[in-house]
Amino acid sequence: MNEVQIQEISEKIKESGATSVNNFLNSEQFKLANNILKYVYDKSISKGNKQGHFPIFLQSIIIKLIKFEFSKLKKSLLLKKIAKDLQLKKIAEKIIDHEAELHMIDSYYSERSDKHILDWHNDIGYMDIAQKEDRNLDARSIKFFIYMTDVESANGSLAYIPYSHHIVRAITSLMLEKK
């Protein structure tokens, strides 16, 4: 990914809160990720299931080593390499205008469904409101969703209202001020 592409992605996300990039993974990255995540599909691991989480921090890596979960550790390192190759850290830092760090790699399988899955909510407003001195609403987090199958707005596992991040930030600020 070149500097112009990184800048374009970052600007779109800053403005509207989300963007879509077709074929974000090259064919090699896609094959690697697909092989790594095959077990997610095979076991139908759903959102929130810890089996879909990959160790990122030293403590969780050591735990995987102690438990002899070498396969999971190898998968994690390969996924971290893909994230590095895609320059996700650099994209995030351009969006939030300060240093970023990877906090989680998780994966899950979603069946195609016509049914309502999850109520609309705002992730920022549901964070721990009591710790307001630690809250920087302009630089909370960036989530990258990489779909391994073709999706459209009618069948993707994530729904997003463009520009709603501005409204959410304003509402959460009012909540923090107890207004």
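Just checking, how many residues over the stretch 159-178 are in contact with a helix residue (DSSP H, G or I) (Cβ under 8 Å, 6 or more places away or on another chain) and either free of Cβ contacts under 8 Å to residues at least 12 places away in the same chain or not in a helix (DSSP H, G or I) (or both)?
2
Give me a count of the residues in the stretch 19-33 that are closer than 14 Å to residue 83 by Cα and surrounded by 11 or more Cβ atoms within 10 Å (Cβ to Cβ). Don't jump to the end; show me each part of the working.
First pass over the stretch 19-33, keeping only residues closer than 14 Å to residue 83 by Cα: 24-26, 28-30, 32-33.
Within this subset, residues satisfying the condition of being surrounded by 11 or more Cβ atoms within 10 Å (Cβ to Cβ) are 24-26, 29-30, 32-33.
Looking only at that region, the number is 7.
Testing residue 135 on (1) at pLDDT 75 or above; (2) among the basic types (Lys, Arg); (3) farther than 29 Å from residue 82 by Cα, one condition comes back false. Which one is that?
(1)
Within the stretch 76-92, is even one residue surrounded by 12 or more Cβ atoms within 10 Å (Cβ to Cβ), of a type in the set (Val, Ile, Thr) and modelled with pLDDT under 90?
no
Going residue by residue through the stretch 71-88, is there one that turns out to be farther than 19 Å from residue 30 by Cα and touching a residue at least 24 places away in the same chain (Cβ under 8 Å)?
No, that holds for no residue.
Within the stretch 25-68, restricting attention to residues that are touching a residue at least 24 places away in the same chain (Cβ under 8 Å) and among the polar types (S, T, N, Q), which residue is nearest to residue 105 (Cα to Cα)?
In this case the residue turns out to be 49.
Does residue 54 satisfy the condition of being farther than 30 Å from residue 166 by Cβ, loosely packed, with under 13 Cβ neighbours inside 10 Å, in contact with a helix residue (DSSP H, G or I) (Cβ under 9 Å, 6 or more places away or on another chain) and aromatic (Phe, Trp, Tyr)? Give the steps one after another, and end with the answer.
Numbers: farther than 30 Å from residue 166 by Cβ: yes; loosely packed, with under 13 Cβ neighbours inside 10 Å: no; in contact with a helix residue (DSSP H, G or I) (Cβ under 9 Å, 6 or more places away or on another chain): yes; aromatic (Phe, Trp, Tyr): yes.
Spelling it out, it is not the case that residue 54 is farther than 30 Å from residue 166 by Cβ, loosely packed, with under 13 Cβ neighbours inside 10 Å, in contact with a helix residue (DSSP H, G or I) (Cβ under 9 Å, 6 or more places away or on another chain) and aromatic (Phe, Trp, Tyr).
The values are calculated or read from the model by the stated rules, or taken from the named source; none is laboratory data. Computed from a predicted structure; not experimentally measured. In this analysis, Cβ positions are derived from the backbone assuming ideal geometry, glycine residues included, and neighbour counts consider all displayed protein chains.
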